[in-house]
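See structure below.
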Amino acid sequence: MESLRHFSLPMLIFHNPEHSLHAGRHEMFRGRLVPCHETPARLDHVLSELQRRPLGELRTPGAPDRALLERIHTPRYLDFLARAWQDWVALDPAHAELDILPSVWPNPALRHDVAPLNFSAQVGLFTFDAGSPITAGTWSAAQAGAACAIDAARAVAAGSGSPRAAMALTRPPGHHAGADFYGGYCFLNNSALAAQALRDAGAARVAVVDVDYHHGNGTQNIFYERADVFTTSIHGDPRTEYPFYLGYADERGHGAGEGGNLNLPLPAGTGFDTWSAALQQALAAVQRHGAQALVVALGVDTFEGDPISRFTLGSPDYLRIGAALAALRLPTVFVMEGGYAVAEVGVNVANVLQGFLEAA
Ligand code: OKP
Ligand code: ZN
């Protein structure tokens, strides 16, 4: 840790004290319910690595800012998440032992504009997969996670000195959640909330760089028609990789947001050399956009040992990712996203932060 001593200010790391309240039992996979990949143990590994390697000061977040939540998500969606569990148990007390999973969805030929009264129909209206169970504690955990993202952004905006960086260390992740829907283990879009909080704190232009293995469809969607938040994502080619129905290179933004989205899909099997060339492309685009602050949607499921992903990055590569991000010299908010090689998630996340701090 010799090399870290020259920092005057440690990073602030807002960790979600309620994350373990969200613990899904099962996700649907090939006709069976299989154990969830997105588990509380993931975050426990990061916290214990950060206790071993003191890269920042751990903080707990304040209360979630409902007004800010409503700048990213619709009131009808937030209201659904807030009451989903009680509505579910009211249908049948035996439901208390079961997760909420959808069984019916409105495809584009069916209506999305009216919220049905039937509970299962509501669940399907607000999600796009059967892999993201809602449990008794999901809403509490998601709200506290959103508060981590908002507080990390506000800390960076208010901070001075160098490096100006903070992290939202939270789960469930957020980048697949849109204004009006959940999915991909995500409920509230923490990275989008951080970006909005930076905008509200005075950054005229903000960039979100999504390095998770999976395309950040929710974040792209939220900012697709906005000029003030540039979004870029490096991810597995959606022709073969989740979330499949978005993330192609020809999605470049719309209206005022035209040119404000850059997708860099890469084939399964991609290693660090090709991946980091894509990162350089993403970072050059962030500079061209004139961003004054950066949000990093930090998934480490690009790791070679990840059980649901197919890139081949090694643990030392995450140090270089951190250094590359620091070269932008922007106030930076890291937001925890995916990473399912549970035992290595802590080392890989801490490596990004260490690489960033050593280069800053
Ligand atoms: C969330 B994040 C696995 C199927 C994949 C969804 C993956 C969501 C990833 N059997 N299910 O981007 O890390
Ligand atoms: Zn992912």
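Couple of notes before you dig in:
- Taking strands (runs of 3 or more DSSP E) as the structural unit, those lying wholly within region 1-106 and holding at least 2 residues that are of a type in the set (D, E, K, R) correspond to 56-59.
- All strands (runs of 3 or more DSSP E) inside region 179-294 with 3 or more residues being more than 22 Å from G145 (Cβ to Cβ): 229-236, 261-266
- Where P133 falls short, out of the listed (1) of a type outside the set (S, T, N, Q); (2) in contact with a strand residue (DSSP E or B) (Cβ under 7 Å, 6 or more places away or on another chain); (3) surrounded by fewer than 21 Cβ atoms within 10 Å (Cβ to Cβ): (3)
- Within region 164-176, residues that are surrounded by fewer than 24 Cβ atoms within 10 Å (Cβ to Cβ) have Cβ atoms under 6 Å from residues that are assigned to a loop (DSSP other than H, G, I, E, B) in these pairs: R164/P331, counting only partners at least 6 apart in sequence or on another chain.
- Test: A327 is modelled with pLDDT under 95, more than 16 Å from the chain's Cα centre (by Cα) and away from ligand 2 (no atom under 16 Å from the Cβ): no
- Some residue of region 250-258 being in contact with a strand residue (DSSP E or B) (Cβ under 6 Å, 6 or more places away or on another chain) and surrounded by fewer than 17 Cβ atoms within 10 Å (Cβ to Cβ): yes
- Contacts under 9 angstrom Cβ, first residue in region 39-55 being more than 12 Å from V349 (Cα to Cα), partner aromatic (F, W, Y) and outside any helix (DSSP H, G or I), 6 or more apart: T39/Y340
- Residue match in region 225-241 (condition: among the hydroxyl-bearing types (S, T, Y), touching a Gly at 6+ places or on another chain (Cβ under 6 Å) and over 17 Å from P173 (Cα atoms)): no
- Flag for A147 being surrounded by 21 or more Cβ atoms within 10 Å (Cβ to Cβ), in a helix (DSSP H, G or I), in contact (Cβ under 8 Å) with a residue 12 or more places away in the chain and more than 16 Å from ligand 1 (Cβ to nearest atom): yes
- Yes/no for S191 being touching a residue at least 24 places away in the same chain (Cβ under 8 Å), polar (S, T, N, Q), touching a Ser or Thr at 6+ places or on another chain (Cβ under 9 Å) and within 13 Å of ligand 1 (Cβ to nearest atom): yes
- Residue within region 147-163 that is within 15 Å of L68 (Cα to Cα) and either within 16 Å of ligand 2 (Cβ to nearest atom) or acidic (D, E) (or both) present: yes
- Number of the exception - G259 against (1) in contact with a Gly (Cβ under 6 Å, 6 or more places away or on another chain); (2) touching a residue at least 24 places away in the same chain (Cβ under 8 Å): (2)
- Complete set of residues in region 295-327 that are part of a loop (DSSP other than H, G, I, E, B) and acidic (D, E): D301, E304, D306
- Filter result (assigned to a helix (DSSP H, G or I), within 15 Å of ligand 1 (Cβ to nearest atom) and out of contact with any His (no Cβ under 9 Å at 6 or more places or on another chain)) within region 328-351: N348
- Members of region 45-69 that are more than 30 Å from A201 (Cβ to Cβ) and buried (at least 16 other Cβ atoms within 10 Å of the Cβ): H45
The rows are residues; the columns are (1) under 17 Å from V286 (Cα atoms); (2) more than 12 Å from ligand 2 (Cβ to nearest atom); (3) not basic (K, R).
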| site | (1), (2), (3) |
| --- | --- |
| N189 | no, yes, yes |
| A197 | no, yes, yes |
| A203 | yes, yes, yes |
| H214 | no, no, yes |
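- The set of residues in region 330-340 being away from ligand 2 (no atom under 12 Å from the Cβ) and among the hydrophobic types (A, V, I, L, M, F, W, C) consists of L330, V333, F334, V335.
- Within region 235-256, considering residues that are more than 21 Å from Q196 (Cα to Cα) and of a type in the set (A, V, I, L, M, F, W, C), the one farthest from the chain's Cα centre (by Cα): A249
- Residues of region 297-324 classified as within 15 Å of ligand 2 (Cβ to nearest atom), under 28 Å from A155 (Cβ atoms) and among the acidic types (D, E), total: 1
The values are calculated or read from the model by the stated rules, or taken from the named source; none is laboratory data. Bear in mind that the values here come from a model prediction, so they are computed numbers and not experimental data. All Cβ positions, glycine included, derive from the backbone under ideal geometry; neighbour counts span all protein chains shown.
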